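S.K.: Quick one: the structure is below, questions incoming.
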Amino acid sequence: MSSMMTYLALSMVLFIIGALGVCLRRNAIVLFMCVEMMLNAVNLAFVAFSKLHGNLDGQIAVFFVMVIAAAESAIGLAIILSVFRSVASVETTDAAELKW
Amino acid sequence: MSFIEFILGVAALVSGIAVISFRNPLYSAFALVANLLTIAGLYALLNAHFLAVTQVVVYAGAIMVLVLFVLMLLNLKTEQGKQPGLAQLATAVVGGIVLIVTALPPVLSRFQGLSSHQLADNVRASEGTVQAIGQELYSHYTVQFELSSLVLLIGIVGAVMLAKRKQPQLGPRQGGLLKGE
């Protein structure tokens, strides 16, 4: 089994675990962590392809994904905090004021 | 595939499953730290040295500390209420299996027999040292690099705005909890 296949399969399975987490969990912070895990799965595929093709473009893409993820985590956690202030919970089922 | 790759891959899968199966979000956060560290190890094995260090410092360090701070600030108990129903669980698992079965074979057949270790000529060129990444970043991606600093600045300002905004007090719980920050 070649190394490239292993990395791609691992990346895909990690992405699917993250997606399952987003489907199954209700805690907003756990959802946030699952999204981080999906981002990391894609990053792993980027780095593997970067090595396969022998240039650094994939690694640069991962660098920018990390920058965006850092900004996203600051904003996302601030949003979760403000949701917690208004509904006193981080469960996604409790923030249902707009639900019909 | 080396032994270390195998160990790190299995550890990444186990910690990934642990993230979504712990009931207590704090345990999930620690499992995610382990997951990020194993991925940093895989980066190092793929010659992406700079990214491996960045992964440990930025992801496992800064971002996860932020998550843990919020978790401890909110002082959440273990997820209450009912578990995800059997129908929901079955749908998610079947969906995941369908996704794997449909997406994996094309990818695998495309890269059959193509080993990243066989491309010896390319190994030097893709060595992600700090120098190589820096050169690439400042010669081909200068504009994007500067824009990313703007994105981070907007992120900081936005987070402060969101966290400082005064909200009408609704429940009894949040009064003393968040006032002091």
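S.K.: Please determine, by comparing only the residues of the stretch A:37-52 that are at the interface with chain B (Cβ under 7 Å from one of its Cβ atoms) and not aliphatic (A, V, I, L, M), which one is farthest from the chain's Cα centre (by Cα).
M.R.: Let us first name the residues in the stretch A:37-52 that are at the interface with chain B (Cβ under 7 Å from one of its Cβ atoms), namely A:37, A:40, A:44, A:47-48, A:50-52.
Okay, now just the ones that are also not aliphatic (A, V, I, L, M), so A:40, A:50-51.
Values: A:40: 6, A:50: 20, A:51: 23 Å.
Top of the filtered list is A:51.
S.K.: With respect to residue A:84, is the statement that it is open to solvent by 30 Å² or more (accessible area, probe 1.4 Å) and among the aromatic types (Phe, Trp, Tyr) true?
M.R.: No, not satisfied.
S.K.: Exactly one condition in (1) more than 7 Å from every other protein chain (Cβ to nearest Cβ); (2) open to solvent by less than 10 Å² (accessible area, probe 1.4 Å); (3) touching a residue at least 40 places away in the same chain (Cβ under 8 Å); (4) of a type in the set (A, V, I, L, M, F, W, C) is not met by residue A:28; state its number.
M.R.: It is condition (2) that residue A:28 fails.
S.K.: Those residues that are open to solvent by 40 Å² or more (accessible area, probe 1.4 Å) and at pLDDT 75 or above, I need them from the stretch B:109-131; list them, please.
M.R.: B:129, B:130, B:131
S.K.: Looking at (1) aliphatic (A, V, I, L, M); (2) in contact with a Ser or Thr (Cβ under 8 Å, 6 or more places away or on another chain); (3) closer than 15 Å to residue B:42 by Cα; (4) surrounded by 21 or more Cβ atoms within 10 Å (Cβ to Cβ), which is the only condition residue A:42 fails?
M.R.: For residue A:42, the failing item is (4).
S.K.: Confirm whether residue A:50 is crowded, with 20+ Cβ neighbours inside 10 Å, within 20 Å of residue B:35 (Cβ to Cβ) and among the polar types (S, T, N, Q).
M.R.: No; evaluated as a whole, the condition is false for this residue.
The values are calculated or read from the model by the stated rules, or taken from the named source; none is laboratory data. Just so it is clear, the structure is predicted and the values come from calculations on it, not from any experiment. A quick note on method: Cβ atoms are made from the backbone with ideal geometry, for glycine too, and the neighbour counts reach across all protein chains shown. Calculation scope for accessible area: heavy atoms of the full protein, side chains included, ligands and nucleic acids excluded. Shrake-Rupley method; radii C 1.70, N 1.55, O 1.52, S 1.80 Å.
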